[in-house]
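Colleague: Before I ask anything, here is the structure I am working with.
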Amino acid sequence: MSDSIKASLEGHWVHAHEEDTPTQQVFRPATHPFPPSRGRRSFELRADGMMVDHRIGPDDRRQPAVGSWNVTPEGVLELRSAGAAPSSMRVEQVGPDKLVLSK
Amino acid sequence: MCGAMQAHNRLLERYPDFRRVLGDLEHGTLERLAQPSPFRAAAIVRIPVVVHVVWRTAAERISQAQVESQIAALNRDYSAANTDKANTPECWAGLVTDVSIQFFLATQDPSGNPAIGITYTQTSTPSFGTDDTVKSQATGGADPWPTDRYLNLWVCTLGGGLLGYAQFPGGPAETDGVVILSSAFCTTGTATAPFNLGRTAVHEVGHWLNLHHIWGDTADCSGSDFVEDTPNARHPNFGTPTFPHVSCSNGPNGDMFTNYMDYVDDAATVMFTAGQVVRMHAALAGPRASLVTAQPVVTA
């Protein structure tokens, strides 16, 4: 995957679960006007390869865990963070306002 | 161990008493489960509530009637008197359990003066975060009433679209209680669909009584809510799912998304289980014991 696509993945992506399909997860930038929800996972993908995974915590607050991210030449986003199993999701679509990952 | 639980544990490390209380509470829950009839509450427990309405706009200054509708919703669901429990899939219908808790707006303030159990605080803060600033007058919110005597419930505008957050038993006293988004509070007035049946408070008070999310706060099926009769789930469910939604090898019935401790819309969440009731009553016999008021009424 080209550096430009890697660059387009950088940012703070918040799960727009209302837009999910049975096979895809949809994320929007943190600035998106989200409707109310009991909780949303989000992750920050930084240019230096660092990731901050803001998971839904036991008390409904987001709880950050620091980790790393990478996108493979085949277009698979790999997320690693402390204490969690690594996850790999294919990037189906990425643009300024929307990121779509395979489930 | 997942990151969320690690973060939770960091909070526990910051407050050593929090860890000790929760550890003792797990022990108390196990002891309760070992009793002959662990799933039957011996008495109805009454808990005094103070609602702190922290408002900036006129719409946020919700009425006493609206607050009372929230208390009624809590009492409906914590007594399994909700008629929509009929929507529970048949496979779980036998697990729907009356928690035997009743909530009431406090009739006395901390000094013993007559009160309505509601405080109103005008703020200049347009939107609060999840950093507990709404829980202190010094940071634009309202100070709690003594948290060992009242369930403190703050109502405000929360940022990021969050409906609410809670604090488990044994945490810092000065922030103990739950916070609810104004538009998800109560069943009338500013309450807005699909969160207009008062079930955000039902969910948050569940945490306050030591209940965990049914997916165990992990994304890989390794977590647990420490309750045997709620199937393990991989993720939170949202919206109004169609039965069954199978994950974590929990077929054929799948995730118990009808449980108050999942993340679905108010209309889709209708039940606590017997195992959850044991946990809540263990909390009421332990770190929440000081809030239990009045003489218990023996159930039929």
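Only the coordinates and a few stated rules stand behind these numbers; no lab work does. In this text, all values refer to a predicted model and were calculated from it rather than measured experimentally. Counting neighbours? That spans all protein chains shown, and the Cβs are built from the backbone with ideal geometry, glycine included.
Colleague: How much mean residue ellipticity at 222 nm does the protein assembly as shown get from its helices, if each DSSP H run of length 4 or more adds -39500 (n - 2.57) and you divide by all residues, to the nearest 500 deg cm²/dmol?
Modeller: Estimated from H runs of four or more residues: -6000 deg cm²/dmol.
Colleague: In addition: Can you pull the one-decimal nm distance between simple spin-label points at A:ARG80 and A:ALA47, each 7 Å off the Cα toward Cβ?
Modeller: In this crude label model, A:ARG80 to A:ALA47 measures out at 2.3 nm.
Colleague: For the range B:86-181, divide the Cα radius of gyration by the Kirkwood radius and give the resulting Rg/Rh value with two decimals.
Modeller: Over the Cα atoms of the range B:86-181, Rg/Rh equals 1.07.
Colleague: Using only the alpha-carbon atoms, how far is helix B:3-14 inclined from the longest principal axis of chain B? Give it as 0 to 90 degrees, nearest 10.
Modeller: 50 degrees
Colleague: On to the next question. Residue by residue, what Karplus-based ³J(HN,Hα) values in Hz, rounded to whole numbers, does the range B:255-269 have, using 6.51, -1.76 and 1.60 with θ = phi - 60° and x for Gly and Pro?
Modeller: Computed from phi, the couplings for the range B:255-269 are 5, 7, 6, 7, 7, 4, 9, 9, 10, 7, 5, 3, 6, 9, 10 Hz.
Colleague: Using alpha carbon centroids, what distance separates the range B:251-288 and the range B:171-212, in Å?
Modeller: Centre-to-centre (Cα) distance: 14 Å.
Colleague: Which one, A:VAL71, A:MET89, A:SER4, projects farthest toward the positive side of the charge dipole computed for chain A from Cβ point charges (K/R +1, D/E -1)?
Modeller: Going by the Cα projections, it comes out as A:MET89.
Colleague: How shielded is A:80-89 by partner chains, expressed as the average number of their Cβ atoms within 10 Å of its Cβ atoms?
Modeller: For peptide A:80-89, the averaged partner shielding equals 4.
Colleague: As a footprinting exposure proxy, order A:HIS12, B:HIS212 by other Cβ within 10 Å, with the fewest listed first.
Modeller: In order of increasing Cβ crowding within 10 Å: A:HIS12, B:HIS212.
Colleague: Compute the separation of the alpha-carbon centres of the range A:46-61 and the range B:97-158 and state it in Å as a whole number.
Modeller: 29 Å
Colleague: Using the Cα centre of the protein assembly as shown as origin and beta-carbon charges of +1 (Lys, Arg) and -1 (Asp, Glu), tell me which of B:GLY164, B:ALA65, A:PRO22 is placed farthest towards the positive end of the dipole.
Modeller: Looking along the dipole axis, the top candidate is B:ALA65.
Colleague: Would you mind getting me the FRET efficiency between A:SER88 and B:ASN87? Use the beta-carbon distance for r and R0 = 35 Å, nearest 0.05.
Modeller: 0.40
Colleague: For a test of the definition: using alpha carbon positions, the gyration tensor, and the 1.5 limit on a/c, classify the range B:208-271 as rounded, prolate or oblate.
Modeller: Since a/c reaches 1.5 but b/c is at least a/b, the shape of the range B:208-271 is classed as oblate.
Colleague: Once you place label points 7 Å from the Cα toward the Cβ at B:ASP17 and B:GLU174, how far apart are they in nm?
Modeller: That separation, rounded to one decimal, is 1.2 nm.
Colleague: Taking the Cα centre of the range A:36-89 as origin, work out the dipole magnitude from +1 charges on Lys and Arg Cβ and -1 charges on Asp and Glu Cβ, in debye rounded to 20.
Modeller: Computed charge dipole of the range A:36-89: roughly 260 debye.
Colleague: I'd like the mean, over residues of A:35-45, of how many other protein chain beta carbons sit within 10 Å of each residue's own Cβ.
Modeller: Partner Cβ neighbours, averaged per residue: 6.
Colleague: While we're here: Using a Förster radius of 41 Å, what is the FRET efficiency between A:GLU19 and B:ASP143 based on their Cβ-Cβ separation? Nearest 0.05, please.
Modeller: FRET efficiency, A:GLU19 to B:ASP143: 0.55.
Colleague: Could you list B:THR157, B:THR242, A:THR31 so that the one with the fewest beta carbons within 10 Å of its beta carbon is first and the one with the most is last?
Modeller: B:THR242, A:THR31, B:THR157
Colleague: Say a paramagnetic label sat at a point 7 Å from the Cα of B:ARG32, along Cα to Cβ; which residues of the range B:132-170 have their backbone N under 16 Å from it?
Modeller: B:168-170
Colleague: State the answer as a single residue: which of B:CYS248, B:ALA233, B:HIS52 lies farthest towards the positive end of the charge dipole of the protein assembly as shown, with beta carbon charges of +1 for Lys and Arg and -1 for Asp and Glu, about the Cα centre.
Modeller: With unit charges placed on the Cβ atoms, the residue in question is B:HIS52.
Colleague: Continuing with this model, one more query. Which residue, A:GLY83, A:GLY49, A:GLY11, has the most motion in a Gaussian network model of chain A that connects Cα atoms within less than 10 Å?
Modeller: A:GLY83
Colleague: What number comes out for the charge environment of B:ARG199, summing +1 per Lys or Arg and -1 per Asp or Glu over other residues with Cβ under 12 Å away?
Modeller: -4
Colleague: I need the shape label for chain A. Rule: rounded when a/c is under 1.5, else prolate if a/b > b/c, else oblate, with a, b, c from the alpha carbon gyration tensor.
Modeller: oblate
Colleague: Right, another one. In whole percent, what relative contact order does chain A give with Cα contacts below 8 Å and a gap of six or more residues?
Modeller: Once divided by the residue count of chain A, the mean separation gives 26 percent.
Colleague: Using a 10 angstrom cutoff on alpha carbons, build the Gaussian network for chain B and name the most mobile of B:ASP148, B:ASP176, B:ASP131.
Modeller: Sorting by GNM fluctuation, first place goes to B:ASP131.
Colleague: Oh, and also: If you take the beta carbon distance between B:ASP98 and B:SER136 as r and set R0 to 30 Å, what does 1/(1 + (r/R0)^6) give as a FRET efficiency, to the nearest 0.05?
Modeller: The formula returns an efficiency of 0.25 here.
Colleague: Let me ask you something else. Averaged over its residues, how many other protein chain Cβ atoms are within 10 Å of peptide A:48-60's Cβ atoms?
Modeller: Rounded to a whole number, the mean comes out at 6.
Colleague: Moving on. Once a ≥ b ≥ c are taken as the square roots of the eigenvalues of the Cα gyration tensor of the range B:158-294, is the result rounded (a/c under 1.5), prolate (a/b larger than b/c) or oblate (a/b not larger than b/c)?
Modeller: The shape class here is oblate.
Colleague: Another one. Against the longest alpha carbon principal axis of chain B, how many degrees, from 0 to 90 and to the nearest 10, is the axis of helix B:64-78 turned?
Modeller: Relative to chain B, helix B:64-78 is tipped by roughly 20 degrees.
Colleague: Expressed as a rounded percentage, what relative contact order does the range B:24-115 have, with Cα pairs under 8 Å and six or more residues apart?
Modeller: Over the range B:24-115, the number comes to 35 percent.
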